[in-house]
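S.K.: Mind having a look at this structure? Questions to follow.
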Protein chains: 2
Amino acid sequence: MEKRGLTPERLTRAGAELADEVGFDEVTVSALARRCGVKLPSLYSHLKNSQDLRVRIALFALEELADRVADAVAGRAGRDALAAFADAYRDYAREHPGRYAAARLRLDPETAAASAGVRHAQMARAILRGYELNDPDATHAVRLLGSVFHGYVSLELAGAFAHSAPDEQQSWDWIVDSLDALLRSRSS
Amino acid sequence: MEKRGLTPERLTRAGAELADEVGFDEVTVSALARRCGVKLPSLYSHLKNSQDLRVRIALFALEELADRVADAVAGRAGRDALAAFADAYRDYAREHPGRYAAARLRLDPETAAASAGVRHAQMARAILRGYELNDPDATHAVRLLGSVFHGYVSLELAGAFAHSAPDEQQSWDWIVDSLDALLRSRSS
DNA sequence: GGCTCATGCCTAATGGTACTAGGAGAACTG
DNA sequence: CAGTTCTCCTAGTACCATTAGGCATGAGCC
């Protein structure tokens, strides 16, 4: 009965890896206990319940993704920044599909407000600063970008674009180009 | 032990209603049995298993949604058709969130090929006919529309845009306008 | 070093969901 | 009307989530 070094942080990380391997929906307290070589109820010393685990993984993924996006857009502006922003999301989703799905978990308002989710919104606004939109338009544009990127990535992950020409990468580039043109045309 | 008139079709419909009430993820064989006033194992005469139920609801929702969209765009073209198409999706998702979530269930390729999903793609292409895009661009545009509409609707349902100005309807209108302008500018 | 004590992990038990096996009665079919 | 089929049932298995309660290990105190 030696003690493993289980902590909420390690469990969260292990849960994130598990999510990438088997899908976020299959992340279960049981499976995580098995992966950690521990009996199921042992985890309840570190986690409140199953939902708590899911939320922790979601917050972890939001944080990690925000870091990546911030890194990608640093020092860029305009079309360059837009493309880097978009690619950071898409690459993360392709590299870590389970974590990406986790990041889309619906959080209750106060948890969301304290999460890295706000950094995502701030970064989207920062990208748009280069396009000099006036006030209501900037918010509309944030929502448009969020919709397109999230929508494309989730459809792509679901396989909706697979097995049909043209290549998914070409469509992605075309879409990013189009959004850039769109935003420039809306510039005040 | 009188026989109820349970059929796969009625169970599918009841499942769709249940999905709208409690969310697609909470649609369970148990809950459906309770709702139908029948013991759980009885449903296994009509359904293969839990996944079969989910797929049936998904196919039902795809069909119903395709009918609505077809109805909405009939006799329209250009910006009108685009707006009708977009609104049909959004209205369906708001009216039937559980069914909309069901329609997004990942289907295996042969099931998807036999589903109303193909009608959705055809209708999107039909809308774009009014913009006279050349061949690869038309596919990119189909993917863009799918991404934006799906992305916006799912973020809106998740509450991502709630409780912050401006109004969700205004952003939606702005986005549809923007897409119309974008497609016209890409016209060959 | 020995005592205490919190803690980390355990076993045991409950309840919910998915699913299978097998039975009994109602309804259809000849 | 007899046989068959079909629908629904009870009973039982297995897995997941969660709680209760126990024991031992390792940390802190003297």
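The values are calculated or read from the model by the stated rules, or taken from the named source; none is laboratory data. As the structure is a computational prediction, the values presented were derived from the model and not from experiment. Cβ coordinates were reconstructed from backbone atoms using ideal geometry, including for glycine residues, and neighbour counts include every protein chain displayed. Heads up: the accessible areas ignore ligands, DNA and RNA and are worked out on the full protein's heavy atoms, side chains in. Shrake-Rupley method; radii C 1.70, N 1.55, O 1.52, S 1.80 Å.
S.K.: Given A:Val69, A:Val29, A:Val22, which one is away from DNA strand D (no atom under 16 Å from the Cβ), more than 14 Å from chain B (Cβ to nearest Cβ) and modelled with pLDDT of 95 or more?
M.R.: Answer to the selection: A:Val69.
S.K.: Within region B:42-51, is there a residue that is within 20 Å of the chain's Cα centre (by Cα) and under 23 Å from B:Val118 (Cβ atoms)?
M.R.: yes
S.K.: Which numbered condition in (1) touching a residue at least 60 places away in the same chain (Cβ under 8 Å); (2) within 25 Å of B:Gln51 (Cβ to Cβ); (3) crowded, with 18+ Cβ neighbours inside 10 Å is the only one that A:His96 fails?
M.R.: Only one criterion in (1) touching a residue at least 60 places away in the same chain (Cβ under 8 Å); (2) within 25 Å of B:Gln51 (Cβ to Cβ); (3) crowded, with 18+ Cβ neighbours inside 10 Å is unmet by A:His96, namely (2).
S.K.: Tell me, which residue of region A:158-172 that is assigned to a helix (DSSP H, G or I), at the interface with chain B (Cβ under 9 Å from one of its Cβ atoms) and open to solvent by 30 Å² or more (accessible area, probe 1.4 Å) is modelled with the highest pLDDT?
M.R.: The selected residue is A:Gln170.
S.K.: For region A:1-41, enumerate the residues that are among the hydroxyl-bearing types (Ser, Thr, Tyr) and open to solvent by 50 Å² or more (accessible area, probe 1.4 Å).
M.R.: Selection gives A:Thr28 alone.
S.K.: Name the helices (runs of 4 or more DSSP H) wholly inside region A:1-109 in which the number of residues that are away from DNA strand C (no atom under 16 Å from the Cβ) is 1 or more.
M.R.: Once the helices (runs of 4 or more DSSP H) in region A:1-109 are filtered for at least 1 residues that are away from DNA strand C (no atom under 16 Å from the Cβ), what remains is A:8-22, A:50-73, A:78-95, A:97-103.
S.K.: So, in region B:70-93, exactly how many residues are open to solvent by less than 10 Å² (accessible area, probe 1.4 Å) and within 25 Å of B:Arg10 (Cβ to Cβ)?
M.R.: Residues in region B:70-93 being open to solvent by less than 10 Å² (accessible area, probe 1.4 Å) and within 25 Å of B:Arg10 (Cβ to Cβ): 2 in total.
S.K.: Then there is this: Looking at A:Arg54, is it within 14 Å of chain B (Cβ to nearest Cβ) and within 11 Å of DNA strand D (Cβ to nearest atom)?
M.R.: Yes: the conditions hold for A:Arg54.
Rundown of residues vs (1) under 22 Å from A:Val176 (Cβ atoms); (2) touching a residue at least 40 places away in the same chain (Cβ under 8 Å), yes/no style:
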| residue | (1), (2) |
| --- | --- |
| B:Ala103 | no, yes |
| B:Arg106 | no, no |
| B:Val118 | no, no |
| B:Gly130 | no, yes |
| B:Asn134 | yes, yes |
| B:Ala138 | yes, no |
| B:Tyr152 | yes, yes |
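S.K.: Additional query: Is there any pair linking a residue in region B:28-50 that is over 13 Å from B:Leu6 (Cα atoms) to one that is aromatic (Phe, Trp, Tyr), with Cβ under 9 Å and at least six apart or on different chains, and which?
M.R.: B:Val29/B:Tyr44
S.K.: Is at least one residue of region B:114-126 assigned to a helix (DSSP H, G or I), surrounded by 14 or more Cβ atoms within 10 Å (Cβ to Cβ) and within 8 Å of chain A (Cβ to nearest Cβ)?
M.R.: no
S.K.: Separate question: Could you tell me how many of the residues in region B:173-188 are surrounded by fewer than 19 Cβ atoms within 10 Å (Cβ to Cβ) and not in a helix (DSSP H, G or I)?
M.R.: Residues meeting the conditions: 2.
S.K.: Would you check if there is a residue in region A:131-151 being out of contact with any Lys or Arg (no Cβ under 6 Å at 6 or more places or on another chain), surrounded by fewer than 14 Cβ atoms within 10 Å (Cβ to Cβ), of a type outside the set (Asp, Glu) and in a loop (DSSP other than H, G, I, E, B)?
M.R.: yes
S.K.: Could you list, ordered by first residue, the pairs with Cβ atoms under 9 Å in which the first is in region B:54-81 and more than 15 Å from B:Arg125 (Cα to Cα) and the second is open to solvent by 60 Å² or more (accessible area, probe 1.4 Å) and small (Gly, Ala, Ser), at least 6 apart or interchain?
M.R.: As it stands, the answer is B:Leu59/B:Ala114, since those pairs meet every condition given.
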